[in-house]
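The values are calculated or read from the model by the stated rules, or taken from the named source; none is laboratory data. The model shown is predicted, which means the values in this text are computed figures rather than measured ones. Cβ coordinates were reconstructed from backbone atoms using ideal geometry, including for glycine residues, and neighbour counts include every protein chain displayed.
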Amino acid sequence: MKDLGDIYYFLGLQIARDESTITITQTRYLLSLLQKFGLDGAKPVSTPLAAGSSMSATDGVPLADPSHYHCLVGSLQYLTLTRPDISFAVHHVCRFMQTPHDTHLIAVKRIFRYLKGTLNVGLHYIRNPIHELRGFCDADWAGCRDD
């Protein structure tokens, strides 16, 4: 075994440490995705999903080639490791992987536009004890019309 020192970059994760905090981001990976998918010039938005949006499996026109959709959504799934703020939106568009429609693709691109405006957001761990833990649930499946 060999000690390679402190970790700074591993599998798309950027790790920054000091004596009391650890910050994990995926900024470099996200920038490469934006460039790969041609979304680096997209205008940022303030939320990953449009307010009041309710997608269904039958909305819009089916995509002729769903492989691009699969690639986009798969990349977003890896980003949820350090971006819990997009988890709901990503898992929402994952429901349409079998037969994606054009409206679902628009929602995926909106998530990328949100990420473009929040490039440096990640996980920030502080060396403090947890005093209170809260949890939430959504009993109506987020108003899903299919379920």
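Regarding the range 57-66, can at least one residue be identified that is touching a residue at least 12 places away in the same chain (Cβ under 8 Å) and under 15 Å from R110 (Cβ atoms)?
Within the range 57-66 (the criterion being touching a residue at least 12 places away in the same chain (Cβ under 8 Å) and under 15 Å from R110 (Cβ atoms)), the answer is yes, since at least one residue qualifies.
Kindly provide the set of residues from the range 15-32 that are assigned to a strand (DSSP E or B), under 24 Å from Y114 (Cβ atoms) and either touching a residue at least 60 places away in the same chain (Cβ under 8 Å) or out of contact with any strand residue (DSSP E or B) (no Cβ under 8 Å at 6 or more places or on another chain) (or both), ordered by number.
Hits for the range 15-32 are T23, I24, T25.
Mind listing just one residue for me: the one in the range 60-87 that is surrounded by fewer than 15 Cβ atoms within 10 Å (Cβ to Cβ) and more than 17 Å from the chain's Cα centre (by Cα) and, of those, nearest to K116 (Cα to Cα)?
That would be S67.
Applying the selection to the range 91-110, what residues are of a type in the set (D, E, K, R) and under 16 Å from the mean Cα position of the chain (by Cα)? First the steps, then the outcome.
Let us first name the residues in the range 91-110 that are of a type in the set (D, E, K, R), namely 95, 102, 109-110.
Passing the criteria: R95, K109, R110.
Could you please let me know if Y125 is among the hydroxyl-bearing types (S, T, Y), assigned to a strand (DSSP E or B) and closer than 24 Å to L13 by Cα?
Working: among the hydroxyl-bearing types (S, T, Y): yes; assigned to a strand (DSSP E or B): yes; closer than 24 Å to L13 by Cα: yes.
So Y125 fits the description; yes.
May I ask you to list pairs of residues, at least six apart or on different chains, whose Cβ atoms are under 8 Å apart, with the first in the range 112-124 being surrounded by fewer than 15 Cβ atoms within 10 Å (Cβ to Cβ) and the second being among the hydroxyl-bearing types (S, T, Y)?
G117/S46; N120/T25; N120/T27; H124/T21; H124/T23
Between residues in the range 1-12 that are at pLDDT below 90 and residues that are part of a loop (DSSP other than H, G, I, E, B), which pairs lie under 8 Å by C-beta distance while being six or more apart or on different chains?
G12/Q26
What single numbered condition from (1) over 23 Å from Q35 (Cα atoms); (2) loosely packed, with under 11 Cβ neighbours inside 10 Å; (3) at pLDDT below 90 fails to hold for Q98?
With (1) over 23 Å from Q35 (Cα atoms); (2) loosely packed, with under 11 Cβ neighbours inside 10 Å; (3) at pLDDT below 90 applied to Q98, the lone miss is (3).
Listed here are the residues, each with its yes/no results for (1) at pLDDT 90 or above; (2) over 20 Å from G12 (Cβ atoms).
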| site | (1), (2) |
| --- | --- |
| G38 | yes, no |
| P48 | yes, no |
| S53 | no, yes |
| P66 | yes, yes |
| H70 | yes, no |
| T82 | yes, no |
| S87 | yes, no |
